1. Share of antiparallel DSSP beta bridges in the stretch A:87-211, in percent to the nearest 5?
2. Going by how many other beta carbons lie within 10 Å of each one, how would you line up B:K99, A:K8, A:K243, fewest first?
3. Count the net charge of all other residues whose Cβ sits under 13 Å from the Cβ of B:R30, scoring Lys and Arg as +1 and Asp and Glu as -1.
4. Towards the positive end of the charge dipole of chain A, with charges on Cβ (+1 Lys, Arg; -1 Asp, Glu), say which of A:L283, A:A28, A:M191 has the farthest Cα.
5. To the nearest 20 debye, what charge dipole does the stretch A:2-219 have about its Cα centre, counting +1 at the Cβ of each Lys and Arg and -1 at the Cβ of each Asp and Glu?
6. Take the alpha-carbon centre of the stretch A:221-283, take the same for the stretch B:69-91, and report the distance between them in whole Å.
7. Thinking of the stretch A:157-303 as a set of Cα atoms, what percent of all their pairs are more than 28 Å apart?
8. With a Förster radius of 60 Å, plug the Cβ-Cβ distance of A:D246 and B:A240 into 1/(1 + (r/R0)^6) and report the FRET value to the nearest 0.05.
Amino acid sequence: MLARGLSKRFGDFEAVRGVDLDVRPGEAFGFLGPNGAGKSSTMRMIACVSPRTGGDLAVLGMDPGRDGPRIRARLGVVPQQDTLDNELTVRQNLQVYGRYFGLSKAHVRARATELMDFAQLAERADDPVEPLSGGMKRRLTIARSLINDPELLLLDEPTTGLDPQARHLLWDRLFRLKQQGTTLIITTHYMDEAEQLCDRLVVMDGGRIAAEGSPGELISRHCTREVLELRFAPDAQGEVEPKVADLADRVEVLPDRLLLYTADGESALKAAHNRGVVPVSSLVRRSTLEDVFLHLTGRTLVD
Amino acid sequence: MGSPTSSVLVPGPVRSTMLVVEGLWTWYKRNWRSSVISTVLEPALFLVALGVGFGSQVEAGPATLGLPYVQYLAPALLAATLMQTAMFESTYPVLSGFKWQRVYWAMISTPVGAAQVLSGQLAWLALRLLVSAVAFVAVAAALGALTSPMILLAILFAVLTGMAVCAPVMAYAATLESEGQQFNVLFRFIMMPMMMFSGTFFPVEQLPALVRPLIWVSPLWHGTELCRGVTIGSLDPLAALGHIAYLCALLALGAHLARRAFVRRLEV
């Protein structure tokens with residue numbers, strides 16, 4: 001998948017403003033970004049269901065504008081919102097969907113059985129979808145997206161709204177697909193999900209790419225190795241801030257905490273103690289993708 | 001990668017349309033029971049109550065074209081029934097495909113495109129209407145309300161009438177973002193008057209001349225003229241061509257608008 005200057009406009013609103021992307025075969029690639037950053041619009045263009053407004057886009061070496069159906073035949077799509085037919089059974093959902101790819105009835109029948117095992121849904125095979133739990137529906141949606149053995153799988157917030165068990169099961173399944181050589185493109189709000197699954201990712205903000213790299217690269221490029229968190233009684237942290245400002249590369253003031261971004265959290269903590277700073281509690285931790293994300297896209301709500 | 005799909009031919013527009021029909025059929029096989037009530041039982045009750053019951057009080061005369069009332073009513077009721085089924089099937093179920101079940105969104109993530117979602121949905125409805133018409137004719141024949149084999153031609157006219165209604169209604173349904181409250185307006189202020197005043201139950205000549213032009217707009221009036229005319233053998237060929245042309249034009253216009261609405265909504 002290759003994009004150059006890709007853009008999408010809805011009337012006056014520019015959802016995607018010139019995005020360059022390269023996703024190599026077999027890679028797991030992530031889109032991070034706050035709501036409205038343009039992730040889903042980009043995904044829909046890659047899925048060949050939304051014509052681009054500008055720029056170049058090649059998916060599986062073809063142009064979505066010209067070869068939409070041929071590309072879609074080799075894609076798997078997990079949409080943000082489930083699009084299952086609640087009045088059909090689990091099995092029927094898989095079979096009907098598979099038929100849209102022009103696959104034979106016999107092939108679709110066999111593949112549906114395999115996929116129900118893969119998604120741990122075999123016991124519910126002939127139950128209607130309606131009463132299934134959110135996690136089961138999500139697993140079914142993922143199973144369905146695999147019915148045509150896609151070379152490229154697009155997952156738009158695959159685990160939003162799921163309980164931890166369901167998320168881990170899904171991650172396990174996605175990891176297996178990746179090992180089998182399927183290319184994955186994932187959008188997510190969960191940093192742990194991105195760290196778990198993605199080889200490389202971009203942080204999108206306001207329709208543009210704010211940063212790009214592997215999770216480790218992003219942390220080392222945009223953040224320090226460690227973070228020292230000093231917790232204070234609300235509003236007491238402001239007075240302390242000048243005393244510790246020079247102990248870290250960057251200090252962030254939150255309502256009840258100071259975050260000191262530094263290579264060595266323990267020595268920063270010691271130095272703070274020596275200057276007579278007495279926090280309610282303190283914590284030294286590794287920097288995470290979440291720190292990078294918040295640094296790049298800000299802490300304010302966008303919507 | 002040597003996936004089994006790379007060797008399979010990607011379905012073209014016609015095949016895609018057929019696959020959409022197949023998908024809708026799979027749904028229908030599981031859920032047909034509820035639709036039997038509205039498409040077979042209700043019209044049958046109508047025919048019994050109005051045709052046989054109320055009709056026993058109507059003398060055969062010039063107004064009924066010399067026929068017993070039930071025979072006068074049956075072919076027209078065929079058209080009216082299909083019009084109603086077409087209305088219902090092209091409103092909530094279509095909105096659901098976009099909004100509630102969202103199955104249309106699933107379809108377009110496969111090689112099927114928005115235009116084929118529409119053509120498949122239309123083709124499926126034509127089949128549904130055809131089956132409803134055959135069922136109605138069977139019931140009406142059993143009640144002695146139909147005697148002419150020409151009713152078979154009336155079936156086609158009735159399906160055409162239904163399609164001329166469902167294409168524009170589908171175009172409208174595809175533009176709605178709401179929960180479909182507008183459909184009630186459609187049912188009450190368009191479908192009901194159309195049902196009452198399109199010559200189904202009594203000749204439109206009984207109505208004031210002032211409202212006559214409104215009746216000519218009604219696809220059901222054209223359908224009624226065709227179905228009744230062909231069944232009892234009184235159809236004037238030239239008038240018939242006019243009715244058919246009007247219904248075809250409505251169907252073509254509706255299908256064009258619906259196609260545009262489907263593409264705009266699904267492939268934005």
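Each reported figure results from applying straightforward, stated rules to the coordinates on display, with no laboratory input. All figures in this text were calculated on a predicted structure; none of them were measured in a lab. Note: ideal-geometry Cβ built from the backbone for every residue, glycine included; neighbour counts use all protein chains shown.
1. Of the beta bridges lying entirely in the stretch A:87-211, close to 45 percent run antiparallel.
2. On the way: B:K99 18, A:K8 23, A:K243 13.
Ordered from fewest to most neighbouring Cβ atoms within 10 Å, B:K99, A:K8, A:K243 come out as A:K243, B:K99, A:K8.
3. On the way: positive: A:R91, B:K29, B:R33; negative: A:D85, A:E87, A:D126, A:D127, A:E130.
Result for the local shell: -2.
4. With unit charges placed on the Cβ atoms, the residue in question is A:A28.
5. Working: 28 positive and 30 negative charges, 141 e Å.
Dipole about the Cα centre, nearest 20: 680 debye.
6. 78 Å
7. Values: 3530 of 10731 pairs.
Taking all Cα-Cα pairs of the stretch A:157-303, the fraction more than 28 Å apart is 33 percent.
8. Working: r = 94 Å, r/R0 = 1.57.
Here the calculated transfer efficiency is 0.05.
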